[in-house]
2 protein chains.
Amino acid sequence: MRLVVARCSARYSGRLNAHLPLATRLVLVKADGSVLLHSDGGSYKPLNWMSPPCSLAIGEPDAEAVERGVSQVWTVQHAKSDDRLVVEVHEVLHDSAHELGVDPGLVKDGVEAHLQELLAAQIDLLGGGHTLVRREFPTAIGPVDILARDAAGVAVAIEIKRRGDIDGVEQLTRYLELLNRDPHLAPVRGVFAAQEIKPQARVLATDRGIACVVLDYDAMRGVDDVDSRLF
Amino acid sequence: MRLVVARCSARYSGRLNAHLPLATRLVLVKADGSVLLHSDGGSYKPLNWMSPPCSLAIGEPDAEAVERGVSQVWTVQHAKSDDRLVVEVHEVLHDSAHELGVDPGLVKDGVEAHLQELLAAQIDLLGGGHTLVRREFPTAIGPVDILARDAAGVAVAIEIKRRGDIDGVEQLTRYLELLNRDPHLAPVRGVFAAQEIKPQARVLATDRGIACVVLDYDAMRGVDDVDSRLF
DNA sequence: AGCTGTATGTCGGGC
DNA sequence: GCCCGACGTACAGCT
């Protein structure tokens, strides 16, 4: 990783065209050739960047650029697309390189995928006698989180969210419409399951005959595996 | 802006809980107190971070942490929520500070608004004889991008996206439902126009009788203005 | 301030 | 590799 603090301007062309006026910024060059231009504020998103795979070439400015005070031209070219970032470096204020090695990466806890696993394993939380058909049950417009059957054998489509919002109800509604056209499945009931269900989402779901189930993540995890979880 | 390269581990708790094992990383502290942990690969997104407004406090490790080799504990606390990032610094390999000043920010060019202008000006791309009624045609739930009439005088509501996704089809569907209640307009046809239309969105649109049109931005721009474009 | 739609989104998982 | 949905989405524009 190379850290350069420099007065520079930049131009990006690719999915859009954009331009950064001259100012002092951090230019971060990662081991894979990717480049990030950071200002001293804002969010974690750089002002401009090039994602890997890409290659960095450092060259001399032409006469016109020299006239404008440019000392180096950094061209970062994406390997597959024609995305390109050109940085005109005027003055370098800091330049250091560091060996970081491979990063083990972030370990997350408590996401939707895990909720889905847990509910699939404890499908009778929906009521006694429920059986799992499959997770990620495919439809023409995308997979339903869980398809199950209740004690009476009626198909149940389940949409799982960490936070149950109106979007999730809309999503489930689309799935139900499609699934109910399949004579092997119809009629299909809908269940909207989330750790927390927003009042508006509950109203909409109820209005459409979709049941709401609030999931207790900690309780479900406790049932499923008493051990595990790194922390 | 302060740049620190250090062997460190970190823990984030807030909307989720996450943990970074010990490794060598860049710790970037911005002037507003925000902190970014970057590895030497990946994209522009940090492994972990804290967005402003937040405050950084550097403290001593407790006895147990010293035992594990921790030399400093950096606690970054979000000002409004209870989001918190705790970095345990084991060894500092580089530490430098830099004055960057205010950044003028990125200047963009060429987004959805421009597509809308172009299609309004070239409305016959939808078929000969189409005429523009108006852009941003108002409805109770928001403006339709374009309202037009075809050669036969039938009203056509057009939703424009750069990338045509299912959400866009839903949006247009809501508009069509409302517009079709207006006896002066009904029946209203729907057209979903985008530079790229996802297969699932196309399936849903077609199923609802909405036509799909793929827009060639470069060709449309070429027709509309041979000159212009700042760069 | 809350809501909505966009994003050079990025990221991870299934097929 | 494509396609799709989640994300600590972030962010800008508008009501």
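The values are calculated or read from the model by the stated rules, or taken from the named source; none is laboratory data. Owing to the predicted nature of the structure, the values given are computational and were not obtained by experimental measurement. Positions of Cβ are generated from backbone atoms using ideal geometry, with glycine treated the same way; all protein chains shown enter the neighbour counts. These area figures cover heavy atoms from the full protein model, side chains too; ligands, DNA and RNA do not enter into them. Shrake-Rupley method; radii C 1.70, N 1.55, O 1.52, S 1.80 Å.
One table, with the values for the structure above:
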item: Some residue of segment A:28-50 being more than 7 Å from chain B (Cβ to nearest Cβ), of a type in the set (Val, Ile, Thr), in a strand (DSSP E or B) and farther than 23 Å from B:VAL4 by Cβ; result: no
item: Single match in B:LEU85, B:LEU3 (criterion: near DNA strand D (Cβ under 9 Å from one of its atoms), within 25 Å of B:ASP103 (Cβ to Cβ) and over 24 Å from the mean Cα position of the chain (by Cα)); result: B:LEU85
item: Any hit, segment A:76-83, residues being open to solvent by 20 Å² or more (accessible area, probe 1.4 Å), outside any strand (DSSP E or B), farther than 28 Å from B:ARG2 by Cβ and aliphatic (A, V, I, L, M); result: yes
item: Close pairs from segment A:161-173: first over 10 Å from A:ILE197 (Cα atoms), partner more than 13 Å from DNA strand C (Cβ to nearest atom) and part of a helix (DSSP H, G or I), Cβ under 8 Å, at least 6 apart; result: A:VAL169/A:ALA205; A:LEU172/A:ALA205
item: Test for B:SER13: is it under 30 Å from A:TYR12 (Cα atoms) and facing chain A (nearest Cβ under 10 Å); result: no
item: Selected residue (only one of B:LEU115, B:LEU176, B:LEU119, B:LEU185 is in contact with a Phe, Trp or Tyr (Cβ under 9 Å, 6 or more places away or on another chain), on the phi < 0 side of the Ramachandran plot and of a type outside the set (Ser, Thr, Tyr)); result: B:LEU115
item: Flag for B:LEU20 being over 24 Å from A:SER39 (Cβ atoms), facing chain A (nearest Cβ under 7 Å) and surrounded by 23 or more Cβ atoms within 10 Å (Cβ to Cβ); result: yes
item: Among the candidates B:LEU85, B:LEU37, B:LEU93, residue that is out of contact with any Phe, Trp or Tyr (no Cβ under 9 Å at 6 or more places or on another chain) and of a type outside the set (Lys, Arg); result: B:LEU93
item: Options B:VAL107, B:VAL111, B:VAL89; residue that is of a type in the set (Val, Ile, Thr) and modelled with pLDDT of 90 or more; result: B:VAL89
item: Segments classed as strands (runs of 3 or more DSSP E), wholly inside segment B:94-202, with at least 3 members that are away from chain A (no Cβ under 14 Å) and either within 16 Å of DNA strand C (Cβ to nearest atom) or surrounded by 13 or more Cβ atoms within 10 Å (Cβ to Cβ) (or both); result: B:131-137, B:144-149, B:155-164, B:188-197
item: Number of the condition not met by B:ASP207 [criteria: (1) surrounded by fewer than 17 Cβ atoms within 10 Å (Cβ to Cβ); (2) free of Cβ contacts under 8 Å to residues at least 60 places away in the same chain; (3) within 13 Å of DNA strand C (Cβ to nearest atom)]; result: (3)
item: Qualifying position, being of a type in the set (Ser, Thr, Tyr), surrounded by 20 or more Cβ atoms within 10 Å (Cβ to Cβ) and at pLDDT below 95, among B:SER43, B:SER39, B:SER55; result: B:SER39
item: Selection within segment B:16-51 - touching a residue at least 24 places away in the same chain (Cβ under 8 Å) and within 15 Å of DNA strand C (Cβ to nearest atom); result: B:ALA18, B:LEU20, B:LEU37, B:LEU47, B:ASN48, B:TRP49, B:SER51
item: In segment B:206-222, the residues that are under 23 Å from B:GLU117 (Cα atoms) and either among the polar types (S, T, N, Q) or not in a loop (DSSP other than H, G, I, E, B) (or both); result: B:ALA211, B:CYS212, B:VAL213, B:VAL214, B:TYR217, B:ASP218, B:ALA219, B:MET220, B:ARG221, B:GLY222
item: Residues being touching a Lys or Arg at 6+ places or on another chain (Cβ under 7 Å), outside any strand (DSSP E or B) and within 16 Å of DNA strand D (Cβ to nearest atom) - total across segment A:10-27; result: 1
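Each row is one residue, and each column tells you yes or no for (1) in contact with a Gly (Cβ under 8 Å, 6 or more places away or on another chain); (2) in contact (Cβ under 8 Å) with a residue 60 or more places away in the chain.
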| position | (1), (2) |
| --- | --- |
| A:HIS78 | yes, yes |
| A:ASP83 | yes, yes |
| A:VAL87 | no, yes |
| A:THR131 | no, no |
| A:ARG149 | no, no |
